[in-house]
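Structure first, commentary second.
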Amino acid sequence: MSQAHYRTDGAIAVITMDNPPVNGLGLELRIGIRDSIARAMADAAVQAVVLTGTARAFSGGADIREFNTPKADASPHLLEVIDVIENAAKPVVAAIAGLALGGGNELALGCHYRVGSPGTQIGLPEVNLGLLPGAGGTQRLPRLIGAAKALDMIVSGAPIRAEEAAKLGYFDRLIDGDLVAGAIAFAREVVASGAARPRVRDRSVDAASVPGGPQAFFDAARAQVAKAYVGYPAPMKCLECVEAAVKKPFDEGMKVEHMLFGELIDSITSKALRHAFFAERAASKIPDVPEDTPQRPIKGAAVIGAGTMGGGITMNFINVGIPVTLLEMKQEALDRGVATIRRNYENTAKKGRMTQEEVEQRMALITPTLSYADIAQADIVVEAVFEDMNVKQKVFETLDTTMKPGAILASNTSTLDVDRIAAFTQRPQDVIGTHFFSPANVMRLLEIVRGAKTGKDVLATTMALSKRIRKVGVVAGVCDGFIGNRMIEQYSRQAGFLLEEGCSPQQVDAAVERWGFSMGPFRMADLAGNDVGWYIRKRRYLEKPDLRYSKTADLVCELGRYGQKTSAGWYDYKPGDRTAYPSPVVEDLLTKERDRLGITPRKVSDEEIVNRLVLALVNEGAQLLDEGIALRASDIDIIYLTGYGLARFRGGPMFYADSLGLPQVVRIMQGFAANPNADPDFWKPAPLLARLAAEGRSFNG
Ligand code: NAD
C-alpha cells in the first residue's frame, strides 16, 4: 500500500503522508508523493494540491531505518520529488503540523506555499550528524527567511517554532484549528486569485538579511564558526553553502551544496556522529527485556545522602517534576545539601535561564528528612552515601525493613558489588545500580547496573526513568568499576606509566585534550580528588598484589596533594582559581621516581600518548564485551561520549579502534609491548580483539 494517501475535496487534491512515526522520507513514501502529484496533474478536475502529514509530523526528514541501505539512494531521490513538486503545473501547498525537519523541511521549501499549525517545529538538523541539508535546504531557506537566520539554523541545527518562522516569512499563513481544512481553504483562495506558483528558487536572498554586505558578514560568521566548532567540519561547510546562496544563482548554489555534502558524507567525523546517533538509540534496547515489559509506576523518589552526588541526583528528579524526599544522617549535612541545591538553581536564575518562581517550585518538591519513616512510600530510592560497603550494608538493611513492597532500591555506587548490596535485603529483585556521573545534574550518562537477580520490570522501569530524567541509560553487568570506570582504570594505569617514562602530566593531558577528551587524566583526577582514586587503589591492589601500576599517584597523595580541593595535586592551584599550573613539586617527585626505577626519560610523541591511553580503554572494552558486562561495543562508545567528556566527533573508543582497523590496533599494541618498560601483560590483546582482528572484523560490525 502506498505511504501517500490521495483524495480530493472538490478541486483540491489532498496528499497525506503516512509513514509512522514521523513520516520519514523513505523510498515508498518518496514514490507515493511523486505518483500522487502526477495523479493530481493528470486529473483535469483538480486545480491545486495540499501536501500534508499527521498532527505529529509533516515529516521528520530522511527515514533513518533506510540509512546505509540501497533504498536510501534509489530513485526517486528526494531532490527529484522536490523537483516534481516545484515544477508542477498546479499550485502545491504544504500543510505542516508537528515538525518539518531536515528533508521534511526541504520538501516543504519545494512547495509553492506553506501553511502551518502554531507550535510546529521547523529545522534543518543535519549538522548534528556531521552533514548539511543536501536537498536544496541550504539554497532555499536563505531565499525564504534571509541569510542571517538561515545560517544560524543550518549551522546550529536548532529548530524554531512556527510562530517565529511565520514572522520570518516561512509561512504564508498560520492556521488555528483544523489544519487540513484551513489548507484546503487557502488552496481555493490561491486558485481563485489566479493559481500562481511561486518558487522559492526564483527569489534572491534579501540584502537586508546580510548586514554590512556579504564579504564582511561571512568573514565575521566564518571566524565565529571556526571558533565554536573545533573538530567539526560540517558547520563551516554549511556556511559555505549559505554563502553560495547569497552570492551565486540557484543552480550554481545547488552544485556547491551537492559537492560539499558529498565531502561530508564520506568524512570520518560524520561517520562518527552517525554512529553516536544510532548507538544512543541501540543502548535503550536490552535483548531479553522487550519493550512491552511491564513497568512500575514512579511518582515519588527518595535520595539517601545529600552530598555531591545525592544533591545532583535530587535535582534530576525535581527538574522533571518528580518529588524527592532527601534523607541524611545529621541535620547539618541535610541543611548543607539542600542549600547547595538551592544555590545551583539560583545561579541558573542569575544567568536568566530560570525564573525565581521556578526556583521556588523546584525547591518545594524537596522534602528533607532524617527519618526513614518519611521515605517508606517512595517508588524508588537512590542511595548515594559513602563508598563503603559497611555503610551501604546498614542503609540497605534499613531500606529492606522500611520501604513499601515494590519500591526500587537503587545504589549509586561507582565500584562496589551490586549483588552483594542486593544480598543485604530480602528483595534482591528490587535492587539495581544507578551510577550517575559527576556533576549528576549535568552529565547525560546513567550507567544502569543489572544485578544477577534484578527483576526485568525493575530494569525496564529504570531504563524508562533514565529517559524521563533526560539521561542516556546504558546497561552494565556487575563487576568492579562496571564499564566506564573499569576501563578508565587501565587508562589511568597507562597514564602513570607514561609519567615514569618521561612525560609530564601537562604533556599527557594536552595530548588527549587535543585529541578530543575535555580533560586529560591528571586534570580530571585533580578535579575528582586524588584521594578518591587512592582509596580505591588501596582496596584493588590489596586484592591483586601482582598487578603493576605506577606509584606516582600514591606519592602525590602522600604529600596531601588531593587536587583542586587542597589547591595542590598533579598541578598547583591558586585559591578560588581552577587554572592548573605545572607543579615543580610534582616534577621533582617524578624525577626521583624515575631515578628509583632506573628509567632514563625519553621524549614520547603525542600520537603514542593518545594511542596508549585510548587503546588501553579499547582492550579493556573488548574484555568487557567478552564477559558480557557490556552488551555491545556501541554502548561502550556512548558511555565515553556522555559520561567521560569525549568529543562526539570521535565516535567513542571502540569506534576509533574500528576506524584504525583492528589488525592495525593489534600491531600498535604489539609495538607498545616491545617497549622495555612496558608491562608485557598489559598489551596482550583481549581474546575478542584478537579474534576479530584475525577475522578482519570490527567491534561495531
Ligand atoms: P559525599 O561524601 O559527597 O556524600 C555522601 C553523603 O552521604 C554525605 O553527605 C554523608 O553525610 C551522607 N551519608 C553517609 N552515610 C549516610 C547514611 N548512613 N545515611 C544517610 N546519609 C549518609 O559522596 P559522593 O561523592 O556524593 O558519593 C556518594 C556515592 O556516589 C558513593 O557511593 C560514590 O562512590 C558514588 N559516586 C560518586 C561520584 C563522584 O564523582 N563523586 C560519581 C559517581 C558515583
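Once C-alpha pairs closer than 8 Å and six or more residues apart are averaged by separation and normalised to the residue number of the stretch 301-476, the relative contact order reads 21 percent.
What is the magnitude of the charge dipole of the stretch 429-538 about its Cα centre, with +1 placed on the Cβ of each Lys and Arg, -1 on the Cβ of each Asp and Glu, and no other charges, expressed in debye to the nearest 20?
580 debye
Lysine pair count for the stretch 484-695 with Cα-Cα distance under 20 Å and sequence separation of 8 or more or different chains is 5. As a length-normalised measure over Cα pairs under 8 Å and 6 or more apart, the relative contact order of the stretch 484-695 settles at 24 percent. Of the peptides 3-9, 60-66, 221-227, the ranking by mean beta-carbon count within 10 Å, highest at the top, reads 60-66, 3-9, 221-227.
May I ask which residue of G136, P685, Q215 lies farthest towards the positive end of the charge dipole of the chain, with charges of +1 (Lys, Arg) and -1 (Asp, Glu) on Cβ and the Cα centre as origin? Final value for the positive-end residue is Q215. If you take all C-alpha pairs in the stretch 4-265, what percent of them are over 27 Å apart? Roughly 33 percent, once rounded to a whole number.
Quick one: angle between helix 662-673 and the longest Cα principal axis of the chain, in degrees between 0 and 90, rounded to 10, please. Tilt of helix 662-673: around 30 degrees.
Here the relative contact order of the stretch 6-61, from alpha carbon pairs under 8 Å that lie six or more residues apart, stands at 49 percent.
Along the charge dipole of the stretch 260-390, pointing to its positive end and built from +1/-1 on Cβ of Lys, Arg, Asp and Glu, which listed residue (I286, G321, N347) has its Cα farthest out? The one lying farthest along the dipole's positive direction is N347.
F517 sits among other residues whose Cβ lies under 11 Å from its own Cβ, and their net charge, with Lys and Arg +1 and Asp and Glu -1, is +1.
Give the shape of the stretch 69-117 as rounded, prolate or oblate, defined through the alpha-carbon gyration tensor: a ≥ b ≥ c are the square roots of its eigenvalues, a/c under 1.5 means rounded, and otherwise the shape is prolate if a/b is larger than b/c and oblate if not. Cα axes put the stretch 69-117 in the oblate bin. Considering all C-alpha pairs of the stretch 301-476, those separated by over 27 Å amount to 20%. Our coupling estimate for the stretch 389-395, obtained by passing each phi through the Karplus curve with A = 6.51, B = -1.76, C = 1.60 and θ = phi - 60°, is 4, 5, 5, 4, 4, 4, 4 Hz, Gly and Pro reported as x.
The angle between the Cα long axis of helix 484-501 and the longest principal axis of the Cα atoms of the chain comes to about 60 degrees, rounded to the nearest 10. Check cross-link reach from K404 to the aspartates and glutamates: straight Cα distance under 13 Å, and skip same-chain residues fewer than eight apart. Qualifying aspartates and glutamates at Cα under 13 Å: D374, D379, D430. Relative to the longest principal axis of the C-alpha atoms of the chain, give the angle of the C-alpha long axis of helix 633-643, reported between 0 and 90° and rounded to the nearest 10°. So the inclination is approximately 80 degrees. Classification of the stretch 417-556 by its C-alpha gyration tensor yields an oblate form. The axis ratio a/c (a ≥ b ≥ c) is 1.5 or more, and b/c is at least a/b.
Taking amide H as placed 1.01 Å from N in the peptide plane, the amide H of I96 sits under 5 Å from that of V115, G116, S117, each at least 5 places away or on another chain.
For V50, the residues whose modelled amide H falls within less than 5 Å of its own, excluding neighbours fewer than 5 places apart on the same chain, are A13, V14, I15, V93.
Karplus-derived 3J(HN,Hα) values for the stretch 111-128, using 6.51 cos²θ - 1.76 cosθ + 1.60 with θ = phi - 60°, are 7, 6, 9, 10, 10, x, 8, x, x, 4, 9, 10, x, 10, x, 3, 4, 5 Hz; glycine and proline are entered as x. Each DSSP beta bridge with both residues in the chain is either parallel or antiparallel, and the antiparallel ones are about 30%.
Considering only P233, L660, F186, and ranking their Cα positions along the charge dipole of the chain that arises from unit charges at the beta-carbon of Lys, Arg, Asp and Glu, the one farthest toward the positive end is F186.
When we measure straight from the Cα of K248, which aspartates and glutamates land under 14 angstrom away, once same-chain ones fewer than 8 places off are left out? Candidates past the 8-residue exclusion: D202, D206, E240, E257.
Local charge sum around I175 (other residues, Cβ-Cβ under 13 Å, Lys/Arg +1, Asp/Glu -1)?
-3
Evaluated over the Cα positions of the stretch 484-695, the convex hull gives a direction-averaged projected area, one quarter of its surface, of 11.5 nm². Close amide H contacts of I408 (hydrogens built in the peptide plane, cut-off under 5 Å, sequence separation of 5 or more or a different chain): I380, V381.
Binning the C-alpha pair distances of the chain at 20 Å intervals from 0 yields a P(r) profile of 16, 41, 34, 9, 0 %, listed from the shortest bin outward. For the chain, the Cβ-based charge dipole about the Cα centre amounts to some 440 debye (Lys, Arg positive; Asp, Glu negative; other atoms uncharged). When +1 charges are put on Lys and Arg Cβ atoms and -1 charges on Asp and Glu Cβ atoms, the dipole computed for the stretch 4-265 relative to its Cα centre reaches about 260 debye. If you take all other residues with their beta carbon under 13 Å from the beta carbon of A207, and give Lys and Arg +1 and Asp and Glu -1, the sum is +2. Counting only residues at least eight positions apart within a chain, or on another chain, the lysines with an alpha carbon under 18 Å from that of K467 are K285, K299, K456. State whether the stretch 1-116 is rounded, prolate or oblate according to the following rule on the C-alpha gyration tensor (a ≥ b ≥ c being the square roots of its eigenvalues): a/c under 1.5 gives rounded; otherwise a/b larger than b/c gives prolate, and the remaining case gives oblate. Prolate shape, in that a/c is at least 1.5 and a/b is the bigger ratio.
Each value in this text was obtained by applying a stated rule to the coordinates, not by laboratory testing. Everything numeric here is computed off the predicted structure, so don't read it as measured data. In this analysis, Cβ positions are derived from the backbone assuming ideal geometry, glycine residues included, and neighbour counts consider all displayed protein chains.
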